[in-house]
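To keep things clear, I will list the structure first and then write my remarks on it.
The values are calculated or read from the model by the stated rules, or taken from the named source; none is laboratory data. This one's a predicted model, so the numbers in the text were calculated from it and none came from an experiment. All accessible areas refer to the heavy atoms of the entire protein, side chains included, with ligands and DNA or RNA removed. Shrake-Rupley method; radii C 1.70, N 1.55, O 1.52, S 1.80 Å.
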Amino acid sequence: MTEGLRAQIGRIEQALPAVPAAEKRSAAIGSWAAVVGAVILARAVDDPQLSDEVLEQTRAWIDAGIK
């Protein structure tokens with residue numbers, strides 16, 4: 001799990017060319033944590049509309065924060 005997490009953080013850092021170098025790791029960790037949490041929440045509810053909304057809003061929040 002540890003190595004997988006490190007690898008994913010590294011991949012996300014590389015995918016953030018517009019983010020200043022000093023902020024890339026923080027942005028990568030925050031983004032990945034938000035994605036994982038959103039997926040858990042979206043799968044835990046029995047309302048497809050709410051599930052979609054959780055995923056959409058999390059993506060929008062991430063996109064707004066890393067521009």
* Structure fact -> For the chain, the longest principal axis of the Cα atoms and the Cα long axis of helix 21-44 enclose an angle in degrees, to the nearest 10, of 20 degrees
* **Solvent accessible area, Å² - L41, 1.4 Å probe, full protein context** => 100 Å²
* Kindly write out, for region 54-64 in residue order, the coupling ³J(HN,Hα) from the Karplus curve 6.51 cos²θ - 1.76 cosθ + 1.60 (θ = phi - 60°), rounded to whole Hz, with x marking Gly and Pro. => 4, 5, 5, 5, 5, 4, 4, 5, 5, 4, 5
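Considering only protein heavy atoms, what per residue accessible area in square angstrom results for the chain with a 1.4 angstrom probe?
On the way: 5060 Å² over 67 residues.
Per residue, the chain has 76 Å² of solvent-accessible surface.
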* **10 Å binning of all Cα-Cα separations within the chain, expressed as whole percents from 0 upward** => 21, 44, 28, 7, 0
* Asked: For region 1-54, what % of the accessible area comes from carbon and sulfur atoms, probe 1.4 Å?
  -> 60 percent
